[in-house]
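The structure appears below as structure tokens.
Nothing in this text is a laboratory measurement; each read-out follows from the coordinates by a stated rule. Everything numeric in this text was worked out from a predicted model, so none of it was measured. Note that we place each Cβ from the backbone using ideal geometry, even for glycine, and neighbour counts take in every protein chain shown.
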2 protein chains.
Amino acid sequence: MLKTLDPLLGPDLLHALAAMGHGDELAIVDANFPGAACARRLVRVDGADATQVLAAVLSLLPLDDFVESPIASMAVVDAPDTLPPVVQAFQRLAEGFEARPLVVEPLPREHFYARAREAFAVVQTAETRLYGNVLLRKGVVRPEGPH
Amino acid sequence: MLKTLDPLLGPDLLHALAAMGHGDELAIVDANFPGAACARRLVRVDGADATQVLAAVLSLLPLDDFVESPIASMAVVDAPDTLPPVVQAFQRLAEGFEARPLVVEPLPREHFYARAREAFAVVQTAETRLYGNVLLRKGVVRPEGPH
């Protein structure tokens, strides 16, 4: 436990977030996701669902504002144009933390897996809602003052 | 870089701070200290002095309020009752972060080494002021509300 930090931010998750640089991706995935099989680096947060973990992560991680869509989801297999409620919740959370509108990019399932395999880290949660997976692209922290 | 965090809090230092529990000790030491030889776990912050690192650490680490003195310094070899300016600066910083008066416990040099060898981690800085070493004992983060 540390002052001011969300208690879901344990040592390994903090290490991964701080080690990431601009453009690196983090996948937050549900309990059905093949995390251990595809992660370069796996962090488990077994006690929380994906929206709780996303909120903890976004309290520290800036999203990339150099690209149109710094968030990607897994498209619903038979209805690729619908955003499931859990993905809508991801979008609302991210828009709140970033204080700007954000477009979520739905990726075909196999593309999502491919991006997760390339991601800096995969955070596996206890999320049980289907399609409770999200890819985040890290942005920059700007210096204060006129730069 | 992460939002809201002091940039001196790199991945390895964050990991150590978050992994520590109540009563675990952290040593922040100067550039002359035999850190690599005595640390169970060494974190280097080569670009900053000990007061800068202490301020970064205390932005997240609560000090123990179960003990009279959660901070120890290395006593001056020929003048054990004087607190060098760098140790006075440690004390002021800690009192500011904790918002309470704190007693610094000066330890004979060999005792300081012994405590550093037992510490959870040693953070070696670029501090050049002699006696620029401090031991911190981690406290607890209390839940919000009536507990």
The lysines whose Cα lies under 26 Å from the Cα of A:Lys138, excluding any fewer than 8 residues away in the same chain, are A:Lys3, B:Lys3
In chain B the DSSP beta bridges are antiparallel at a rate, in percent to nearest 5, of 40
Computed ³J(HN,Hα) along the stretch A:114-123: with the Karplus parameters 6.51/-1.76/1.60, θ = phi - 60°, integer Hz and x for glycine or proline, the list is 4, 5, 5, 5, 8, 5, 4, 8, 10, 9
The answer for A:Leu63, listing residues at least 5 apart or on another chain whose modeled amide H is closer than 5 Å to its amide H, is A:Gly139
Non-local residues with an amide H under 5 Å from the amide H of B:Arg44, with H modelled 1.01 Å from N and Pro and chain starts lacking one, are B:Gln124
Among B:Ala114, B:Gly96, B:Thr125, the residue whose Cα sits farthest towards the positive end of the charge dipole of chain B, when +1 is placed on the Cβ of each Lys and Arg and -1 on the Cβ of each Asp and Glu, is B:Thr125
Taking every residue of A:19-28, the Cβ atoms of other protein chains inside 10 Å of its Cβ average out to 1
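Only four residue types carry charge here, +1 at the Cβ of Lys and Arg and -1 at the Cβ of Asp and Glu. Report the dipole size of the stretch B:1-114 about the Cα centre in Debye, rounded to the nearest 20.
Working: 7 positive and 16 negative charges, 74 e Å.
Once rounded to the nearest 20, the dipole reads 360 debye.
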Most packed first (mean Cβ within 10 Å per residue), the peptides B:92-101, A:52-61, A:13-22 order as A:52-61, A:13-22, B:92-101
